[in-house]
Amino acid sequence: MLIFQGLPAFSEFRNKKILESIQKIDPLITNVFTEYIHFVKVDKELTRAEHQILSSLLSYGYQSNLVNNKGSMYLVTPRPGTISAWSTKATDIARNAGLLSVRRIERGIAYHLYGGVSQEINKSLYTIIADRMTEKVFLEISNAEILFKEHNESAMNNIPILADGVAALKKLT
């Protein structure tokens, strides 16, 4: 898995709004900075030219002079086992740009918090920065490797509900 640090994810105004929400649960947090992190699964090592093309494709977003990613980091990604719509489109663009060894690109947002981050903030913070139904929060960037884990498709079973009714459902338990 290749990792590409991106540009800031949100404007200073939006970061300020996020900070205000976070300060309601932990007033010791003094600042928040957000940035995109891109994860790329490839079939083979990229050439220098391919790496340059991919890097330029992943350099987009809000331009800011403030780049400070040294605070406590919380990485929000799509849930493992899913492929986001962004991923599908980004992977198509990379392949159309000639990067045929790129299998998949996924994107996360790293939230860097500054100040006295308490242990109690974790679960409450997750509800502010992530949708638990569609996203996962990681505390280490390397843990995002699970995004590319291959899952075997399970066989589909037919249940004769119309023919057997409630008895068919009881067999399942």
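The values are calculated or read from the model by the stated rules, or taken from the named source; none is laboratory data. Keep in mind the model is a prediction, meaning the values are calculated, not measured. A quick note on method: Cβ atoms are made from the backbone with ideal geometry, for glycine too, and the neighbour counts reach across all protein chains shown. Note: areas computed on protein heavy atoms with side chains; ligands, DNA, RNA excluded. Shrake-Rupley method; radii C 1.70, N 1.55, O 1.52, S 1.80 Å.
For the range 114-133, the count of residues that are under 17 Å from the mean Cα position of the chain (by Cα) and under 13 Å from I37 (Cβ atoms) is zero. Total residues in the range 11-55 satisfying the condition of being in contact (Cβ under 8 Å) with a residue 60 or more places away in the chain and either more than 17 Å from I129 (Cβ to Cβ) or open to solvent by 20 Å² or more (accessible area, probe 1.4 Å) (or both): the figure is 13.
Screening the range 80-173 for helices (runs of 4 or more DSSP H) wholly inside it with 2 or more residues that are farther than 29 Å from K24 by Cα, open to solvent by less than 50 Å² (accessible area, probe 1.4 Å) and modelled with pLDDT of 95 or more returns the ranges 85-96. Across the range 1-48, the number of residues qualifying as within 18 Å of the chain's Cα centre (by Cα) and among the polar types (S, T, N, Q) comes to 3. Within the range 32-50, is there a residue that is of a type in the set (K, R), over 23 Å from S142 (Cα atoms) and assigned to a loop (DSSP other than H, G, I, E, B)? Looking for residues that are of a type in the set (K, R), over 23 Å from S142 (Cα atoms) and assigned to a loop (DSSP other than H, G, I, E, B), one finds none in the range 32-50, hence no.
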